Each structure stands twice: as C-alpha cells, then as structure tokens.
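The values are calculated or read from the model by the stated rules, or taken from the named source; none is laboratory data. Predicted, not measured: the structure shown is a model, and the values here were computed from it. Keep in mind that these areas ignore ligands, DNA and RNA; they rest on the heavy atoms of the full protein, side chains included. Shrake-Rupley method; radii C 1.70, N 1.55, O 1.52, S 1.80 Å.
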Amino acid sequence: MPGYETLLAVYLFLLYPQAVCLLLALFYGTSVLGDELDGKTLTYLFTRPLPRWHFVLGKYLGIGPGAAGPTALSLLAAWLIAGAPGGPG
C-alpha cells in the first residue's frame, strides 16, 4: 500500500488538475452556449460555409489559456499548503 505522501502527490499532480480543467471547461462551455443562444449567433455559425474544425479549434484555443491559469494557480496553492509532497526533501 502506498504511503500518504505518494497518494497526496498522485492527487495533486494527476487527479486535481484534471478535475479543475474539466470543471472550468464545463462552466465555460455552458456560458458560451448560453451567450450564443441569447445573441442568436449559433444559427449564424451553422449556416456559414465555415469548416466545423475551425469553430471547434477556436473554442479550444479560447478555453485553453482561460483554464490553464486558474489550474496552475490552484495547483501551486495546493502544492505549497501540502508541503511539496514528492519533491526534494
């Protein structure tokens, strides 16, 4: 059975960033879809001769930096609070 420090390191460096990124993507995605439905731009996007991969790539490029910042800050805060498990000791 792995020790406490090993489990904490796995949580902080593997599971925690994935969960934060997924939650941020969910919140961002629902707000973007709501804004496009309210502004009636969703119909415009689907009727234009724009390849769908342009639309999807634009959305991913928009959420990437927005999700990376809070994820990095929360991971740094958790790492500092936990006393840098798995690091040089």
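Between (i) 1.19; (ii) 1.09; (iii) 0.99, which entry matches Rg/Rh (Cα atoms, Kirkwood Rh) as derived from the coordinates of this structure?
Checking each listed value against the structure points to (i).
Relative to the longest principal axis of the C-alpha atoms of the chain, give the angle of the C-alpha long axis of helix 16-38, reported between 0 and 90° and rounded to the nearest 10°.
20 degrees
Using a 1.4 Å probe on the protein chains only, how many percent of the accessible area of the chain belongs to carbon and sulfur?
Using a 1.4 Å probe with all protein chains present, the chain comes out at 74 percent carbon and sulfur.
Can you give me the relative contact order of the chain as a percent, contacts being Cα pairs under 8 Å and 6 or more apart?
63 percent
Taking the chain as the reference, fit the longest principal axis to its C-alpha atoms, fit the long axis of helix 52-81 to the helix C-alpha atoms, and give the angle between the two in degrees, 0 to 90, nearest 10.
Tilt relative to the chain: about 20 degrees.
Measuring with a 1.4 Å probe in the full set of protein chains, what accessible area per residue, in whole Å², belongs to the chain?
That works out to 76 Å² per residue.
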